[in-house]
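We did not get these values from a lab; they are worked out from the coordinates using the rules stated. Keep in mind that this is a model prediction, so the values were computed, not measured. FYI the Cβ positions are ideal-geometry reconstructions off the backbone, even for glycines, and counts take in every protein chain you see.
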């Protein structure tokens, strides 16, 4: 491969902001970089709830297949969208430093989640977020909300919803965290999705070492632990589950699996050793399997 690198990305503002971040890091190492937009299954089928894609990698697979074919040199993904099973011949070469794992609650009237009136309509496409909303506030209504971040915010402003829940990292990457009033939801209570807030960089297997300088070690450990749990449980976005690891001395791991309406849940909150965190996470996941 030459010093020229073609990055594959979805065409949304957020995806392009993520690709631009990787582009700048590469340009600092004197790579010549081009960003190529690739449409994915999830972009085309915008009205279908995310959980109905059943782990097919709705926002990922088309880009990784272009990577395998040699049409691009790197694929940039939101790591939470990346399924455990990769396109053959491709690997995650690096993960960038996590910006925020937290969910953000935005209400039309500037209220906090706990202040929302009874029967308020909350928009989200995530079964996990729906389940946590119903667990914490059974009196709220939850309705499906698809579309990019701009679309979701517009639908909130136009009154289709009283509040919406999105990833805080998306607001940060688009500079909206300074413009929009929102509540950062406590990740110990509203447990994030595995790998939320992390940008992943995929390459072909034989070229992964070229891009290892992009890797953030602390984030890599946290995401490896989260993905180990996800892989062992064998679940994607079709089962509501929060999986969150934070490496500070030891690795704190919180896993919470919920029923769709949030009326039942099982939760683990453990401290893992850094040296064996992935192996210990797998054991925890094995013990949780019977609750799925």
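Couple of notes before you dig in:
- Computing FRET efficiency as 1/(1 + (r/R0)^6) for residue 263 and residue 231, where r is the C-beta to C-beta distance and R0 is 41 Å, gives about 0.90.
- For the chain, the mean residue ellipticity at 222 nm estimated from helices alone is -8500 deg cm²/dmol, where every DSSP H run of n ≥ 4 contributes -39500 (n - 2.57) and the total is divided by all residues, rounded to the nearest 500.
- Taking all Cα pairs closer than 8 Å and separated by 6 or more residues, the relative contact order of the chain comes to 21 percent.
- Set of the stretch 8-22 residues, backbone N closer than 15 Å to the point 7 Å along the Cα-Cβ line of residue 154: 12-14
- Computed over the stretch 169-272: relative contact order in percent, which uses C-alpha pairs under 8 Å that are six or more apart: 23
- Helix axis angle, 277-288 relative to the chain longest principal axis, alpha carbon, degrees: 40
- Taken as Cα centroids, the stretch 55-126 and the stretch 255-288 sit 21 Å apart, rounded to the nearest whole angstrom.
- Gain in span if fully extended, residue 291 to residue 215, counting 0.36 nm per residue against the direct Cα distance: 23.9 nm
- Once the Cα-Cα distance is subtracted from the 0.36 nm per residue extended length, the residue 109 to residue 248 segment shows a gain of 46.4 nm.
- Compared with the dominant principal axis of the Cα atoms in the chain, helix 13-27 is inclined by about 30°.
- Normalised size of the stretch 110-171, defined as Cα radius of gyration per 2.2 N^0.38 Å with N residues, equals 1.04.
- Its relative contact order, with pairs defined as Cα atoms under 8 Å and 6+ residues apart, puts the stretch 103-184 at 47 percent.
- Stretchable slack from residue 37 to residue 71, in nm (0.36 nm times residue separation minus alpha-carbon distance): 11.1 nm
- Within a Gaussian network of the chain (alpha carbon springs, distance under 10 Å), most fluctuating of 155, 134, 24: 24
- Over all pairs of different C-alpha atoms in the stretch 216-292, the reciprocal of the mean inverse distance, the Kirkwood hydrodynamic radius, equals 12.5 Å.
- Per residue, the convex hull spanned by the Cα atoms of the stretch 78-224 measures out at 118 cubic angstrom.
- The calculated FRET efficiency for residue 84 paired with residue 118, based on their beta-carbon distance and R0 = 41 Å, is about 0.55.
- Degrees, to the nearest 10: 127-136 long Cα axis against longest axis of the chain: 30
- Spin-label pair residue 172/residue 138, simplified geometry with 7 Å Cα→Cβ offset, distance in nm: 3.5
- Percent of beta bridges antiparallel (DSSP, the stretch 103-184, rounded to nearest 5): 60
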